[in-house]
1. From the list 118, 96, pick out the single residue that is modelled with pLDDT under 90 and closer than 25 Å to residue 44 by Cβ.
2. Residue by residue through region 83-118, note down the ones that are touching a strand residue (DSSP E or B) at 6+ places or on another chain (Cβ under 7 Å) and outside any loop (DSSP other than H, G, I, E, B).
3. Could you list all residues from region 26-37 that are in contact with a strand residue (DSSP E or B) (Cβ under 7 Å, 6 or more places away or on another chain) and modelled with pLDDT of 85 or more?
4. Scanning region 59-82 for residues that are out of contact with any helix residue (DSSP H, G or I) (no Cβ under 9 Å at 6 or more places or on another chain) and assigned to a strand (DSSP E or B), which turns out surrounded by the fewest Cβ atoms within 10 Å (Cβ to Cβ)?
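The values are calculated or read from the model by the stated rules, or taken from the named source; none is laboratory data. Bear in mind the structure is a predicted one, so any value in this text is a computation, not a measurement. As a convention, Cβ positions derive from the backbone with ideal geometry for all residues, glycine included, and neighbour counts pool all protein chains shown.
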């Protein structure tokens, strides 16, 4: 069992499909047993892996794979935005990088279009202003 020396780290738990879960904002000192205990109550787990760096320090995130999609969905619904050892957890479905990048691109574009529509008609072009002005 590994325990990190550092106090706090952002953690991610990832679920692939929806049978896989991603969790963030875990304490660096979180152990594999604590991580397992956090996710096992929601159903049979195929794998539950907290991620560590080369030196054995907890990276602050992990991946959980459930046998059933419903178990993973319930884990995401019940654990996301909950408090774990004084830190708020972020738990969501694991996504491939390309899928996540596309989602971020769509969200950014939507926000840009909304801002653009708010500014529509606000800019003025004034021509032939008197030189005294």
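1. None of the others qualify; the one that does is 96.
2. Step one: list which residues in region 83-118 are touching a strand residue (DSSP E or B) at 6+ places or on another chain (Cβ under 7 Å), which gives 89-94.
Within region 83-118, 90, 91, 92, 93 meet the criteria.
3. 32, 35, 36
4. Per the criteria, the residue is 59.
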